[in-house]
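Notes to accompany the following structure.
The values are calculated or read from the model by the stated rules, or taken from the named source; none is laboratory data. Everything numeric here is computed off the predicted structure, so don't read it as measured data. Every residue, glycine as well, gets a Cβ built from its backbone with ideal geometry; the counts of neighbours run over all protein chains shown.
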Amino acid sequence: MAKNKPTKQHYVPECYLRGWVDPKTPAGQEPYVWIFNRGEKVGRKKAPSNIFTETDLYTLRLKTGEKDYSIEETLSNLEGRYANIFRNKIQKHLPLSEEEHITLCAFVAAMLQRTPRYRDNMDRFHNELIEHTEAMEKSHGIDSKESEKMKEFQKNSHRMSIVQMLPSITEMLMPMSVAFLCAKRGSKFVTSDDPCNLFNPDLQFQKFHSPGLSQKNVQVTLPLSPEIALCMSWSPLRGYAEWSNNEVEEMNRMVVGHCYKYFVSHNSKVRRHWFRRYPLDFFFILKIIRHLVEMRWYKLKNWYQYGRHVKRKRT
Amino acid sequence: MSNENELKKAMDLAIQGKRQEAAAILVVLESKIKEPNLRLRLIDASLSSLSPVKNNAKLIDLAEEAIKITTQAGISNYQAHFMARKADLLRFQITIRWHRVTSLTLTPGWIGFATEADKMEYEVLTSETKKMEDESDNLLEQALTLANKSEDKKTKAYILMDRGQVSSSKYLQRKTDCLRGTLYGKLWVKSQSCRYPIFENFFALINVTVRELPVYVKSFKKDLLEAGKLLEQIDDSAASSAYFNLANELKTAYRFREAQKHLKKSRTIALKYGDIAMIVKIDEMKKIIAARNKDVPDYIDGEERSNDTM
């Protein structure tokens with residue numbers, strides 16, 4: 001009997017999404033999660049098997065025209081191993097063995113890269129490169145050999161990069177501190193279509209640098225279930241720790257703010273706090289004010305040094 | 001120049017307060033000198049000249065070697081002295097391990113280890129720390145018994161100085177334990193003014209460990225004062241060092257007024273014996289006390305000061 005081809009591929013694993021199934025699902029009905037559009041407060045019920053999928057997202061197209069599913073198979077193998085670890089260890093608050101730790105890091109590494117946001121960012125970058133190359137070829141009057149090569153490369157670039165980058169990202173994640181943040185009774189974590197978030201508080205007031213794994217204060221967060229979220233960092237934040245309701249809601253605000261198109265909750269209720277741009281924290285507000293004052297001062301200083309000598313053009 | 005002369009030169013440099021120059025010579029001589037008497041002098045000079053932070057492991061080995069030599073030769077007062085030195089040096093190893101142990105469980109609301117590697121590291125470090133603490137306490141006890149038997153006031157004074165420093169180190173360690181995870185801990189880290197004893201007693205009374213803190217302060221004050229008095233009785237210039245060390249430990253415990261009082265005493269003695277190097281150190285310490293500990297080196301991060309203790 002021919003094996004079913006996995007053409008419908010999840011970019012957020014189904015086994016992972018099943019954690020957010022509404023516990024109040026009526027008997028006999030397929031279990032569902034609550035999915036919300038980015039920025040919207042009204043959600044709809046969907047079965048985890050039907051969301052966050054794309055056809056042939058990880059399918060390699062060979063030169064012969066055949067389709068190769070080895071990336072999808074590798075990812076589902078990894079998801080299976082992660083699901084076991086989550087069920088047998090993380091959910092029971094037990095320490096992970098070295099092998100399990102590696103699997104968790106590999107799962108996080110895959111989650112960082114496998115989403116449509118990552119693919120779209122890569123495509124945008126490649127498209128710009130191709131456009132520049134084509135423009136140069138045109139202006140120099142040479143044939144479009146190079147740009148064609150790049151177009152060919154772009155077809156499988158996202159798929160290939162997942163496989164190529166997975167070992168090195170896993171290796172970078174391995175020495176980081178691992179913390180499982182356990183929500184106290186009363187609040188739950190939410191997730192999204194791009195649940196793995198890289199955040200560096202040092203870079204939040206600028207747009208030039210993006211967060212990277214080797215930065216001192218970077219943190220990789222990933223909600224693993226409504227009760228537990230993973231946080232990897234270079235700080236001494238490690239172990240299983242109880243997270244207060246406010247801290248959980250603050251993390252949810254980050255997840256909702258970072259989502260690409262959708263976020264997912266285990267019930268239909270949303271919190272106003274999730275949609276706030278800034279956290280409601282006195283010290284953070286002070287930081288924002290300080291930053292604004294610094295920026296104004298910097299602009300004024302620049303104007304005093306250079307700007308005041310330049311006459312404005314009359315319009 | 002013969003090894004003996006080189007060693008004498010290094011010891012002279014150490015007495016003058018030029019510890020780095022002395023240490024450079026002693027490191028070279030360490031592999032050359034094998035004769036037990038000279039070796040003992042070399043180890044003694046190394047223990048006072050080499051950095052107790054940078055060369056801690058090496059100094060522990062040297063102290064251990066000196067204990068063996070003195071035990072074989074039956075020189076009980078020297079044996080007691082080296083035992084006390086080793087006990088004091090072990091505190092640094094204990095502190096480093098304790099820092100790592102606490103950082104493994106530092107997360108607020110911590111309930112368990114995330115990885116087996118962390119759990120194993122915690123268990124190994126805890127058992128090593130316990131072993132070292134026991135060894136340090138036993139060494140001090142044995143050293144004091146030996147010193148009391150020999151009735152050598154100078155040796156007893158030096159042992160008491162080491163015991164005082166060990167108590168001070170224990171005081172700091174216990175204080176760190178009290179601070180973890182509490183609001184007071186956060187304030188203590190952020191603000192200098194929260195580190196004064198009045199705040200410590202007020203905010204941390206609920207914690208049982210905090211009640212132990214004054215006991216440690218009393219203990220190191222008693223030991224260092226007794227050491228100073230013993231050295232004064234035998235008319236030894238090291239009495240100045242005893243009071244200086246007491247002032248240093250009191251400064252660390254944010255008891256500045258008392259520290260100034262003992263520093264004054266240390267200066268009077270140093271002036272009496274014309275100990276210029278000591279007077280320079282006392283003047284530096286005066287500045288640190290006047291600045292109310294706002295410039296404390298981060299030893300864990302590798303920072304060091306040459307004139308912290310004598």
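Quick test for you: out of A:Asn217, A:Asn246, pick the one residue that is of a type in the set (S, T, N, Q), within 21 Å of the chain's Cα centre (by Cα) and closer than 30 Å to A:Lys89 by Cβ.
Selected residue: A:Asn217, the only one of A:Asn217, A:Asn246 that is of a type in the set (S, T, N, Q), within 21 Å of the chain's Cα centre (by Cα) and closer than 30 Å to A:Lys89 by Cβ.
Filter segment A:67-90 down to residues that are touching a strand residue (DSSP E or B) at 6+ places or on another chain (Cβ under 7 Å) and not in a helix (DSSP H, G or I) and give me whichever is farthest from the other protein chains (Cβ to nearest Cβ).
A:Lys67
Looking only at residues in segment A:80-120 that are among the β-branched types (Val, Ile, Thr) and in contact (Cβ under 8 Å) with a residue 60 or more places away in the chain, which one is farthest from A:Phe263 (Cα to Cα)?
Checking each candidate, the answer is A:Ile102.
Consider A:Met232 against the criteria (1) surrounded by fewer than 22 Cβ atoms within 10 Å (Cβ to Cβ); (2) at pLDDT 95 or above: it satisfies all of them except one. Which criterion is unmet?
Failing condition for A:Met232: (1).
What strands (runs of 3 or more DSSP E) lie completely within segment A:208-299 and have 1 or more residues being aromatic (Phe, Trp, Tyr), touching a Gly at 6+ places or on another chain (Cβ under 7 Å) and within 14 Å of chain B (Cβ to nearest Cβ)?
Counting at least 1 such residues, we get A:239-243.
Looking only at segment B:18-50, filter to residues that are polar (S, T, N, Q) and either over 23 Å from the mean Cα position of the chain (by Cα) or not in a helix (DSSP H, G or I) (or both); which one of those is nearest to B:Lys8 (Cα to Cα)?
Among those that are polar (S, T, N, Q) and either over 23 Å from the mean Cα position of the chain (by Cα) or not in a helix (DSSP H, G or I) (or both), it is B:Asn37.
Given the structure, is A:Phe52 touching a His at 6+ places or on another chain (Cβ under 9 Å) and more than 21 Å from A:Met174 (Cβ to Cβ)?
So A:Phe52 passes the test.
How many of the residues in segment B:232-261 are more than 13 Å from B:Met161 (Cβ to Cβ), in a helix (DSSP H, G or I) and of a type outside the set (A, V, I, L, M, F, W, C)?
8
Output the number of residues of segment A:82-132 satisfying the condition of being under 22 Å from B:Trp110 (Cα atoms) and among the hydrophobic types (A, V, I, L, M, F, W, C).
7
Return the pair list, or none, for Cβ contacts closer than 7 Å from residues in segment B:102-131 that are facing another protein chain (nearest Cβ under 9 Å) and assigned to a helix (DSSP H, G or I) to residues that are surrounded by 16 or more Cβ atoms within 10 Å (Cβ to Cβ) and of a type in the set (A, V, I, L, M), at least 6 apart or on different chains.
Pairs found: B:Glu116/A:Leu96; B:Asp118/B:Leu104.
Given the conditions (1) part of a helix (DSSP H, G or I); (2) under 24 Å from A:Thr191 (Cα atoms), report the number of the one that A:Glu137 does not fulfil.
Result: A:Glu137 passes all but (2).
Out of segment A:91-122, which residues are of a type in the set (S, T, N, Q), assigned to a loop (DSSP other than H, G, I, E, B) and surrounded by 15 or more Cβ atoms within 10 Å (Cβ to Cβ)?
Scanning segment A:91-122 gives A:Gln91, A:Thr115.
Going through A:Ser144, A:Ser76 one at a time, which residue ends up being of a type in the set (Gly, Ala, Ser), surrounded by fewer than 19 Cβ atoms within 10 Å (Cβ to Cβ) and touching a residue at least 12 places away in the same chain (Cβ under 8 Å)?
A:Ser76
Based on what the data block shows, is A:His258 surrounded by 12 or more Cβ atoms within 10 Å (Cβ to Cβ), closer than 22 Å to A:Leu224 by Cβ and not polar (S, T, N, Q)?
In short, yes.
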